[in-house]
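Chemist: Can you keep this structure in mind? I'll have questions shortly.
The values are calculated or read from the model by the stated rules, or taken from the named source; none is laboratory data. Here the structure is a predicted model, which is why all the values come from computation and not from measurement. Backbone-built Cβ (ideal geometry, glycine too); neighbour counts: all protein chains shown.
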Amino acid sequence: MQLVLTIMKLKAIYPGTFDPVTNGHIDIISRAAKIFPEIVVGVASNKAKRPFLPLETRIKLLEESVAHLPGVHVQGFENLLIDFVLEQNAGIILRGLRAVSDFEYEFQLAGMNRKLSKKIETIFLTPSENLMFISSTLVREIALLNGDISQFVPSCVVRELKKRQNENQATENT
């Protein structure tokens, strides 16, 4: 039984909507991959947030962005995070903190998840200093205003968002 619990604790879930995935997300995943032998990047469908990119696209972009990292897998989920973590036989929820303002919300979530399952721990990592200001929301806003997002996101995201902009412009012109 102890061996199962030990293995379970070494598997981490890094959840988020990743709408879109940013270099900050990739930084957290890359650094966590040096700590945990297995990481599942859980892409939340989160219909309440009305995502900009469909779930399948977000999964595809993440898969392409983390393909070089051993032990990292990407999977979508629609249920409660704690249920997804338990389904994956993981013992750790990995969260990124950019600023003190993130901490209050994340601390509250960690407490609730701990209340829902005493088997699960939450671990926080901060992104590298040069990436702390990047957020998916800001990237979307810049992209929607035709700004250059290439320094904030993986190249596959740049291509996808440009493709979507071109499709939207073609639709508007017809």
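Chemist: In the stretch 93-104, what residues are outside any strand (DSSP E or B) and within 16 Å of the chain's Cα centre (by Cα)?
Modeler: Leu97, Arg98, Asp102 - these are the residues of the stretch 93-104 that are outside any strand (DSSP E or B) and within 16 Å of the chain's Cα centre (by Cα).
Chemist: Would you tally the residues in the stretch 143-158 being outside any loop (DSSP other than H, G, I, E, B) and at pLDDT below 95?
Modeler: Matching residues across the stretch 143-158 total 2.
Chemist: Go over the candidates Ala110, Ala90, Ala48 one by one and state the one that is surrounded by 12 or more Cβ atoms within 10 Å (Cβ to Cβ) and part of a helix (DSSP H, G or I).
Modeler: None of the others qualify; the one that does is Ala110.
Chemist: Hey, another quick one. Just to verify a result, which residue in the stretch 78-118, among those that are without any contact (Cβ under 8 Å) to a residue 40 or more places away in the chain and among the aromatic types (Phe, Trp, Tyr), is farthest from Lys34 (Cα to Cα)?
Modeler: So, considering only residues that are without any contact (Cβ under 8 Å) to a residue 40 or more places away in the chain and among the aromatic types (Phe, Trp, Tyr), the one farthest from Lys34 (Cα to Cα) is Tyr105.
Chemist: Could you list all residues from the stretch 22-39 that are assigned to a strand (DSSP E or B) and surrounded by 23 or more Cβ atoms within 10 Å (Cβ to Cβ)?
Modeler: Ile39
Chemist: Could I ask something else about it? When residues of the stretch 119-158 are filtered for being out of contact with any Leu (no Cβ under 8 Å at 6 or more places or on another chain), of a type outside the set (A, V, I, L, M, F, W, C) and within 26 Å of Ala33 (Cα to Cα), how many remain?
Modeler: Of the residues in that region, 11 qualify.
Chemist: So Lys118 ticks every box in (1) within 21 Å of Leu62 (Cβ to Cβ); (2) not in a strand (DSSP E or B) but one. Which box is left unticked?
Modeler: For Lys118, the exception is condition (1).
Chemist: Just the residues that are surrounded by fewer than 17 Cβ atoms within 10 Å (Cβ to Cβ) and among the charged types (D, E, K, R), please, taken from the stretch 64-87.
Modeler: Listed by number, the residues that qualify are Glu78, Asp83, Glu87.
Chemist: Out of the residues in the stretch 1-21 that are more than 14 Å from Thr126 (Cα to Cα), modelled with pLDDT of 95 or more and not aliphatic (A, V, I, L, M), state the one that is surrounded by the most Cβ atoms within 10 Å (Cβ to Cβ).
Modeler: Result: Pro20.
Chemist: In the stretch 36-78, what residues are in contact with a strand residue (DSSP E or B) (Cβ under 8 Å, 6 or more places away or on another chain) and aromatic (Phe, Trp, Tyr)?
Modeler: Listed by number, the residues that qualify are Phe36, Phe77.
Each row is one residue, and each column tells you yes or no for (1) of a type in the set (Ser, Thr, Tyr); (2) on the phi < 0 side of the Ramachandran plot; (3) loosely packed, with under 15 Cβ neighbours inside 10 Å.
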{"site": "Asp102", "(1), (2), (3)": "no, yes, no"}
{"site": "Thr122", "(1), (2), (3)": "yes, yes, no"}
{"site": "Ser128", "(1), (2), (3)": "yes, yes, yes"}
{"site": "Leu138", "(1), (2), (3)": "no, yes, yes"}
{"site": "Asn146", "(1), (2), (3)": "no, no, yes"}
{"site": "Cys156", "(1), (2), (3)": "no, yes, no"}
